Amino acid sequence: MASLLRDEMISGKLYVGQTLGEIDIAERLQASRNTVREALRQLLCEGLVDYKRNKGATVKILARKDVSDIFTVRKTLELQASQSDHPIEEHLLLAMEDALNKVEIAVEQDNWTEVATNSLRFHQSIVGILASNRINTFFASIIAQLRLLFACAPDEKYFQQPWVEKDREIFTHLKNGNRQAATACLSKYLEDSEQRLLNLFN
């Protein structure tokens, strides 16, 4: 249940500040209220949900201070993955390419929420190179927090457009086995993306 709600945050179906009513979620996802309550508690621990007495749970509104913390995690895990000696399994390359193809379709449709969602899926697959289920689970929470930060952008197209070609460039290097070039591109990407998000809070 927690993973379903987390995925809805990543896809933009749940938005910052949205009330997360136990009854509504239980009916929509055909689950018990106890199951929903436990999921919300888990998401609270992951920093994705706020809880206020007498008001219940809401999707967390992140702040400027969260940006650098999230990107410290991204740089640590994504760069470690891109420059590691772990072979990139075929299913990860396929997942990366599928995500980027969906990005390009979304660009043509001017659907920038979908662009953001699939770009995040691409970066999840990069971390997947490390072949650690625990890291994958942890990073899914980080990606969901990042999606909530994207909601701060008044113009999602303006924010997302610069990364479309850069994601494809990173993928091309990874697919061709050029880990050094991929890491260099990814490092610059993460620095620029962090700064762009920080600028939203100025």
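Here, each number is a calculation from the coordinates, and none is a lab measurement. What you see is a predicted model; the values in this text were computed from it and never measured. Here the Cβ is made from the backbone with ideal geometry for all residues, glycine too, and neighbour counts use every protein chain on show.
Here are some notes:
- Neighbour-count ranking [beta-carbon atoms within 10 angstrom, fewest first] of 19, 117, 183, 137: 19, 137, 183, 117
- Ellipsoid semi-axes in whole angstrom, largest first, where each is sqrt(5λ) of the Cα gyration tensor of the range 137-181: 25, 17, 6
- Dipole of the chain [Lys/Arg +1, Asp/Glu -1 at C-beta], most positive-end residue of 180, 113, 199: 199
- Under-5 Å amide H pairs with residue 49, H placed in peptide plane, nonlocal only: 44, 60
- The chain, helix-only ellipticity at 222 nm - DSSP H runs n ≥ 4, -39,500 (n - 2.57), divided by all residues, nearest 500: -23000 deg cm²/dmol
- Dipole moment magnitude, nearest 20 debye, the chain about Cα centre, only Lys, Arg, Asp, Glu C-beta charged: 800
- Net +/- balance of residues flanking residue 35 in space, Cβ distance below 15 Å, scoring K and R +1, D and E -1: +1
- Counting neighbouring beta carbons within 10 Å and listing from fewest to most, the residues 173, 91, 86, 123 come out as 91, 86, 173, 123.
- The range 1-59: relative contact order as a whole-number percent, Cα under 8 Å and 6+ apart: 41
- Prolate/oblate/rounded call for the range 91-177, Cα gyration tensor, a/c under 1.5 rounded: oblate
- With the simple spin-label model, which puts each label point 7 Å out from Cα in the Cβ direction, the residue 37 to residue 138 separation comes to 3.0 nm.
- Here the dipole of the range 124-202 is about 280 debye; that uses its Cα centre as origin and unit charges on the Cβ of Lys and Arg (positive) and Asp and Glu (negative).
- With K and R counted +1 and D and E -1, the other residues having a Cβ less than 12 Å from that of residue 172 yield a net charge of -1.
- Annotation: for a label point projected 7 angstrom from Cα along Cα→Cβ of residue 156, residues of the range 1-31 with backbone N closer than 18 Å are 5-19.
- Structure-derived semi-axes √(5λ) of the Cα gyration tensor in Å: which label, when the choices are (i) 31, 20, 12; (ii) 30, 25, 18; (iii) 29, 19, 16: (iii)
- Rounded if a/c under 1.5, otherwise prolate or oblate - the range 1-70, Cα gyration tensor axes: prolate
- Crossing angle, helix 90-108 versus the chain [Cα axis fit, 0-90 degrees, rounded to tens]: 80
- Whole-number percent relative contact order across the range 64-199, with pairs defined as alpha carbons under 8 Å at least 6 apart: 34
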